[in-house]
Structures are given as C-alpha cells and as structure tokens.
Amino acid sequence: MLTPKDILGYIHGGRVLDAATGNGGFIHFLLDGLQDYTEIIGIDANERYAAAFTQVFKETPNIRFEMMDALSPGYPAESFDTVCLSNSLHHFDDPRAVLGQIMRMLRPGGHLILAEMYRDGQTETQLTHVHLHHWWAAVDRAASVIHHETSQRTEIIKQVDELGLSGLRFFDLSDTNEDPNNPEILTELNPVIDRYIQRAIGYPDLQARGEELRTRLSNIGFHSASTLIAVGVKPTL
C-alpha cells in the first residue's frame with residue numbers, strides 16, 4: 001500500500017495552503033509525506049471547525065486555521081508554494097471555480113495536491129461507504145447544505161487535466177485488508193447513522209434509506225472508498 005511519503009516525499013512544501021480544510025484531516029497526510037514545510041494554513045468557511053483544528057495542531061509548529069471561503073480567499077495571487085484540496089470538490093456547486101482559485105494562489109513552479117474519493121470501481125464493502133456518503137449528501141441537500149454525490153474517477157481526472165499542470169501524477173489509495181466487520185467500525189458509524197436519521201425528520205424516504213444502509217453495514221461490512229490523489233506543478237511562464 002502506498003504511503004504519504006511514497007507520494008509526497010520529494011516535495012519541499014514551503015508555504016502550504018489546505019483549502020476547505022475542515023478539521024485539518026488532510027494535514028496529517030501532509031505532515032507524514034512532505035519533506036518539510038515553512039508553514040501550513042488551513043482555511044474553511046465554517047467557523048465551527050476552528051476550535052477542533054486549533055486543538056489538534058496546538059503543539060505542531062507553524063500550523064494555523066483561518067476562516068475563509070475557498071471560493072473567495074483573501075490571499076494575493078501566487079501566495080503559496082503548495083496548495084491542497086482534499087475530499088471537497090463535491091462540496092461545491094462549481095468545482096472549476098474553486099480549482100481556479102487554487103491555481104491563482106499557487107506560485108509558478110509550486111505543487112498542487114488534490115485528493116478526492118470516487119464512486120466507481122469499488123468493492124462491495126467499499127460501496128457501503130459510497131452509499132453512506134451519498135445518503136449523507138442527500139440529507140445535507142434536504143437541509144439546503146451544498147453536498148453532491150462523489151464523481152467517477154475519470155471525471156476527476158478530466159477536471160485536473162484541464163488545469164494544465166506539468167509533471168502530473170495520479171495515485172489510487174485503497175485499503176481493504178482490514179476486517180470489514182470490525183466492531184469498532186460499527187460502533188463508530190451507527191451513531192452517525194442515528195444522527196443523520198434524526199436530521200432527516202420530515203423526509204421518511206431518507207430515514208428509511210438510512211435504516212437500509214445500517215442493515216447493509218451489518219451484513220456486508222465497510223471499507224473506506226478508494227481515493228484518487230493528483231499531484232502536479234504549476235508551469236512557470
């Protein structure tokens with residue numbers, strides 16, 4: 001199985017931006033993979049992530065959170081040596097717009113790192129994750145939260161190809177070696193299912209779908225869906 005160091009180990013991160021960072025989950029991947037970095041800034045439009053992010057990285061040097069929308073960030077052009085976007089394209093109505101902002105903020109010669117879960121080519125246990133994620137997205141949309149289903153792998157590649165990066169490389173991360181019926185996974189996911197069923201009050205079809213997925217989780221099991229990671233360089237003029 002590929003490690004973060006296998007994918008990013010040759011990159012000196014410099015000044016790094018993690019767009020739509022959430023709790024900063026992808027920053028752990030960066031810390032494990034990059035040769036080094038000067039600073040890492042995670043931005044997100046949702047202020048509820050700020051406290052958790054700050055707590056997680058309070059003892060890690062030069063990592064900070066800023067509340068900022070990735071569609072309209074306040075940074076000048078070419079402000080960062082490395083820019084990342086992880087599992088967030090499907091949270092935007094216009095993915096090309098956010099990719100355009102990322103390219104604007106990246107200096108020529110800098111690295112873009114994109115990670116995105118995809119829906120096709122998955123095992124049955126991985127499809128449990130895909131179906132759960134698409135249900136979560138449907139519940140969010142019912143509450144007027146922007147959250148689309150994940151794309152096919154070829155669709156993500158096409159979006160990245162359009163950016164005109166040089167030295168572009170793609171990696172597929174997948175781990176189906178663990179026990180798909182690990183009781184810890186069920187313990188972790190059942191409260192999440194409960195929470196989304198509660199959020200879906202007033203939408204009986206969505207609530208029923210949640211119970212069906214709980215049964216699938218118990219009968220078939222769960223593995224995380226495959227993630228596509230793209231790494232490329234912004235061409236110099």
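Values in this text are rule-based calculations from the coordinates and carry no lab data. None of the values given here were measured: they were computed from a predicted structure. Positions of Cβ are backbone-derived with ideal geometry, glycine not excepted, and every protein chain shown enters the neighbour counts.
The set of residues in region 37-53 being without any contact (Cβ under 8 Å) to a residue 40 or more places away in the chain, of a type outside the set (D, E, K, R) and more than 11 Å from G22 (Cα to Cα) consists of I40, I41.
Of G167, G100, G110, all but one fail to be out of contact with any Lys or Arg (no Cβ under 6 Å at 6 or more places or on another chain) and in contact (Cβ under 8 Å) with a residue 24 or more places away in the chain; the exception is G167. Just the residues that are surrounded by fewer than 16 Cβ atoms within 10 Å (Cβ to Cβ), among the polar types (S, T, N, Q) and touching a helix residue (DSSP H, G or I) at 6+ places or on another chain (Cβ under 9 Å), please, taken from region 159-181. Within region 159-181, T176, N181 meet the criteria.
One residue is enough: does region 183-200 have a residue meeting the conditions over 27 Å from K5 (Cβ atoms), crowded, with 16+ Cβ neighbours inside 10 Å and of a type outside the set (A, V, I, L, M, F, W, C)? There is at least one residue in region 183-200 that is over 27 Å from K5 (Cβ atoms), crowded, with 16+ Cβ neighbours inside 10 Å and of a type outside the set (A, V, I, L, M, F, W, C).
Residue-wise test of (1) outside any helix (DSSP H, G or I); (2) surrounded by fewer than 21 Cβ atoms within 10 Å (Cβ to Cβ); (3) of a type in the set (V, I, T).
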| position | (1), (2), (3) |
| --- | --- |
| P108 | yes, yes, no |
| A115 | yes, no, no |
| D140 | no, yes, no |
| I157 | no, yes, yes |
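The residues on offer are D179, D120, D140, D172, and the sole one that is among the charged types (D, E, K, R) and in contact with a strand residue (DSSP E or B) (Cβ under 7 Å, 6 or more places away or on another chain) is D172. Name every residue in region 25-75 that is exposed (fewer than 13 other Cβ atoms within 10 Å of the Cβ) and part of a helix (DSSP H, G or I), in order of residue number. Result: A51, Q55. Taking region 219-237 on its own, how many of its residues are under 22 Å from T154 (Cβ atoms), out of contact with any Gly (no Cβ under 9 Å at 6 or more places or on another chain) and not in a loop (DSSP other than H, G, I, E, B)? Of the residues in region 219-237, 4 are under 22 Å from T154 (Cβ atoms), out of contact with any Gly (no Cβ under 9 Å at 6 or more places or on another chain) and not in a loop (DSSP other than H, G, I, E, B).
Taking G9 as the residue in question, decide whether it is touching a residue at least 24 places away in the same chain (Cβ under 8 Å) and surrounded by 15 or more Cβ atoms within 10 Å (Cβ to Cβ). No. Among the conditions (1) over 21 Å from R153 (Cα atoms); (2) in contact with a Cys (Cβ under 6 Å, 6 or more places away or on another chain), A77 misses just one, which is (2). When T215 is tested against the conditions (1) hydroxyl-bearing (S, T, Y); (2) part of a helix (DSSP H, G or I); (3) touching a residue at least 12 places away in the same chain (Cβ under 8 Å), the lone failure is (3).
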